[in-house]
Structure formats: structure tokens, C-alpha cells
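Below you'll find the structure, written out as C-alpha cells, and then a few comments.
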Amino acid sequence: METRDNFTGKIGIVLATVGSAVGLGNIWRFPYEAGQNGGGAFILIYLLCVFFLGFPLVMAEFAVGVKAKANVVGSFKLLAPNTKWFLVGIMGVVAGFMIMGFYYVVTGWTAEYFWQAIQGNLLHKSSEEYKVMFDSFIASPIKPVIWTVIMIALVHIVIINGVKNGIEKVSKVLMPMLFVLMIILAIHSLMLPNAMQGIRFMFEPKVENVTSYGVLTALGQAFFSLSLGMGCLITYASYFGKDTHIPRIAFQVTLLDSLVAIVAGVVIFPAVFSFGLQPDEGTGLVFVILPTIFQQMPFPIFWSSLFYLLLALAAFTSVISLHEVVTAFVKEEFSYTRKKAVTLVSVAVLVLAVLASLSLTLLFPVIFDKTLFEWLDFITATILLPLGGVAVSLFVGWYVDKRILLDVLQQEGTWKFRFFKTYIFLLRYLAPVCIMLVFVHNLFA
Ligand code: TRP
């Protein structure tokens, strides 16, 4: 078997992991969920979920990966030999594969919108026309499929180059670009007339807007956005050096991920209010409402190209992490070379993603009122990820030897982790109970 390579240092670790976390979840999903759930109160609850539940779980996944230094399945096998815990890893691999099935398709959409934007095709249309344009694009049997295939091919090239020369290099270029683009767009949005109305919408917690559904959506969103619940962070942490300060890196990643979500809101909501549109448009917010807004600004081609480029970059580094989880599993558990493993994964996911894209065309049957695309999203986000999150918190909270855990977190005793007791309490009780609430609610809602 080839040797495992590592990220080269702290900056590589943070940028690659933030690259995984920051994605469509932050820039596409978070704003429309905040918009539909009343703004400020939702965002407050989302942040509470991120810091009280998400952050401890990020640490837990990191600890498992740093200790075991193996793919998801291998990690559970190493830390819990002769038990059934490795099934949690298998579930993670399956979830990763299924998420890729639809995530690649949406990543392709973002590339198409970038392509349309630079050609100046997102101009002079009404929002109804943009809606028709979007609906007919995603339901066409050729274009979205071609983009999906291109995205898989690009990720394939990155991953074949390995952790240090592939994933880390790409993240080090794309993530700083993404931060700069976001800041430019946010400043631009803040200078629009009536921008303050959008800011007030985001930061004024109107308690009367909180619904139980909103709370649960916020929790689900926090997990999806942090790439939690399927061992994505276990896999990445297996490439961290042993001398990694886990709580610190976990905190930085958590903070940056939620910051990007908030800044995405600052890009979008002032613009929505400034042009007299409604924030509760839903999934079309980014593909239908934003083109309507961009065309009313000076230099519309510039701003819209910049935005869709940002979205595509964010999606790209996230889907890399999903692809790597499955690749690392195949590589290590079957003792394949990286090249052979990634090729196998790319071909398999190509079939699934193409089918998912085609499932939105009229050629495909709708199975129990959802398309394959919607099933992949639904099964992973509402079933597999929450179950994976509970499993990891129980595994680290109850099963893993506390001395070993403390040792990993404290880098073999080089500093003192003072909140260890609180931390264990969170993992043992608070996190599993809260996640189960989301799970049960989502199943029966
Ligand atoms: N976090 C990414 C986003 O916000 C998506 C993602 C990447 C993900 N890897 C994951 C979600 C693992 C859940 C699990 O778009």
C-alpha cells in the first residue's frame, strides 16, 4: 500500500478543512433557510447550534481521525476492534457517496451560471423569465449532465494528486480567493440603498418568528454546513500531524464556516431588500432572485460573474472532501493505489450523479413523489447525517477511553484542557438528545 501523506501544516489544515465546510450549504442553503424562517431569530438559533453542538462534534471527529490516522471505516476498526462500530464508518461512506450524487449536479449548475454570467446572458429578464430559465435548464437532459461530468473530472484530477499536492494546494489558492470575493461583494451590498433593511432582517431576532420547525432546520443546517455526521472530518483529520491543537483548529474552522454563512447573508439580504423583493423565495433565491438583482446594478456582468464564481469555488472544495472520504476508504480498505481507488470512485459517482441529474428531466419517473435527486438529498440530510452525528458523539463520549481522548486533545499533555468534563457531558447527553430530536422531527414532519 502507498504511504499516507499529510497536510503540510496549520494553514493547509485550516484552509482544506474550511474548504470542505464552506460550500453550497453556506452560500446557497443558509440564506434561503434564514429567509424562509424569519431571519434574525433563526440565525441566532443556528449560531447556538453551531457553537454548542457543532463545535464539540467537530472536535470529536478530529480526535478520532488524529488518533486513528485512517479512513472512516478503518478509524472505527482501529479504535474499536472486534466490535460493530465500523458500521458507522460504512454508513458514512454510503452517505458521502449519496451526497456526492446530488452535490455534483448542483456544483455543475453553479458552473453553468458562472458561464452564462460572463457571457452576459443574465441580463434584461424578468424574475419569471429567470425562473423559467432555471427550471428548463435543470430539467434538460444534456447541459447539466455535461457540467456534472466536467466537475467530476476536475475533482478527479485534484484527488489523484493526493492530499498535499492535490487537496491542500487547491484549497490554498481557492479559499483565499473566496474570502476576498465575499468581502468585496459584501461591501458592495452594504452600499446599496436600503441595505440596512436587509441587515435588520438578519440581526433583529423577532422571537415571534421562531417555530419548532425553524429550530430543527437550524440544527440540521449547522451540521450540514460543518460537514458533520459522515466522517468527512475524521478523514481530513487523519491527515493532520499528531501535534495539531485540536480544540483550536476546530474552533477556527467552526468560526470561519459560520462567518462565511453570515457574510453570505450580508451579500444577499441587503440586495433583496434594496430591490424590493421578498427574502422567502426558497431554493431559487440564488439562481432566480439574484440575477434579477444583479441586472439592476451598475456593472451587472462583473458582479454576477463574481458571485457565481464564488459559489462554484465554494462548492468545488466541498465536493473534493466528499470524494476524498470515499476514495480514502476504497484505497485503504482494499489496499488499492490512490489512482485506482479514485478512478473507481469517480466512475461510480459519475453513474449516480448523471442519473440524479437526469431524474429532474421528464424522461424519469418520480418514485413516491420524489425524484432520485431529491431522495439523495432527503435520505442523507434527514436520516444518515443525524444518525452519524449521534453515533460519533456516543462513540467518543462513551466508548473511547477518556485518558486516550484527553491525551489526543491535549497533544500528549503539552497543555491542559480545562473544560474536559463539560465536554464529555455535551457528547454523552446534550448532543445525542438534541440530534435525536431533529431526527425524529424530520422523519415525522
Ligand atoms: N459542508 C459543505 C457545505 O456546506 C457540504 C459538505 C461537504 C458536507 N462535506 C460534507 C455535508 C459532509 C455533510 C457531510 O456545502
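List the trypsin sites (Lys or Arg not before Pro) within the range 28-137 that fall in a DSSP loop (any state other than H, G, I, E or B) and whose Cβ has at most 10 other Cβ atoms within 10 Å.
K84
Under 13 Å Cα-Cα from K339, which aspartates and glutamates qualify once same-chain neighbours fewer than 8 residues away are excluded?
Hits, sequence-local ones excluded: E2, E324.
Assign unit charges at the C-beta atoms only (+1 for Lys and Arg, -1 for Asp and Glu), then state the dipole size of the range 310-445 relative to its Cα centre in Debye, rounded to the nearest 20.
Value, rounded to 20: 460 debye.
So which of K69/K402; K77/K402; K242/K416 end up more than 21 Å apart by C-alpha?
none
Nearest 10 degrees, 0 to 90: what angle lies between the long axis of helix 431-444 and the longest principal axis of the chain (Cα atoms)?
Its long axis makes an angle of about 50 degrees.
Between beta-carbons, use under 14 Å as the cut-off and find the net charge around S304, counting Lys and Arg +1, Asp and Glu -1. Display every interim value, and only then the final one.
Details: positive: K125; negative: E112.
Summing Lys and Arg as +1 and Asp and Glu as -1 gives 0.
Using only the Cα atoms of the range 10-443, build the gyration tensor, take square roots of its eigenvalues as a ≥ b ≥ c, and label the shape rounded, prolate or oblate: rounded if a/c is under 1.5, else prolate if a/b is larger than b/c, else oblate.
Prolate.
Say R0 is 45 Å: what FRET efficiency, to the nearest 0.05, do E129 and N209 get from their beta-carbon distance?
0.90
Just the number please: accessible area per residue for the range 300-445, 1.4 Å probe, all protein chains included, in Å².
That works out to 46 Å² for each residue.
Figure the gain on full extension for L362 and K10 (residue separation times 0.36 nm, minus the Cα-Cα span) and round it to one decimal in nm. Mind showing how you got there, number by number?
On the way: separation 352, 0.36 × 352 = 126.72 nm, distance 4.81 nm.
Extra length from L362 to K10 when fully extended: 121.9 nm.
Determine ³J(HN,Hα), in whole Hz, for all residues of the range 355-365 in sequence, where each value follows from phi through the Karplus function 6.51 cos²θ - 1.76 cosθ + 1.60 and θ = phi - 60°; x replaces Gly and Pro.
Here the 3J(HN,Hα) series is 4, 4, 5, 5, 5, 8, 8, 6, 5, 9, x Hz.
If we sort 384-393, 45-54 on the protection proxy, mean other Cβ atoms within 10 Å, highest first, what's the order?
Highest-to-lowest ranking by the protection proxy: 384-393, 45-54.
What value, in deg cm²/dmol to 500, does the helix sum -39500 (n - 2.57) over DSSP H runs of n ≥ 4 give at 222 nm once divided by the residues of the chain?
Calculated mean residue ellipticity at 222 nm is -22000 deg cm²/dmol.
For the range 10-443, which whole percent of the accessible surface, found with a 1.4 angstrom probe, sits on carbon and sulfur atoms?
In the range 10-443, the share of accessible area belonging to carbon and sulfur is 70 percent.
Among T107, T422, T380, determine the one that fluctuates most according to a GNM of the chain built with springs between C-alpha atoms less than 10 Å apart.
T422
Could you calculate the FRET efficiency of K69 with M196 from 1/(1 + (r/R0)^6), where r is the beta carbon distance between them and R0 is 41 Å, rounded to 0.05? Kindly include the intermediate steps, with their values, before the conclusion.
On the way: r = 50 Å, r/R0 = 1.22.
For R0 = 41 Å, the calculated efficiency reads 0.25.
Quick one: net charge of R403's neighbours, Cβ under 13 Å, K/R +1, D/E -1? Please report the intermediate quantities before stating the final value.
Details: positive: K67, K402; negative: D401, D407, E412.
That works out to -1.
Determine the sum of side-chain charges near K206: Lys and Arg each +1, Asp and Glu each -1, restricted to other residues whose C-beta is under 14 angstrom from that of K206.
-2
The values are calculated or read from the model by the stated rules, or taken from the named source; none is laboratory data. Model, not experiment: these values are computed from the prediction. Cβ atoms come from the backbone with ideal geometry, glycine included; neighbour counts cover every protein chain shown. With ligands, DNA and RNA removed, areas are computed over all heavy atoms of the protein, side chains included. Shrake-Rupley method; radii C 1.70, N 1.55, O 1.52, S 1.80 Å.
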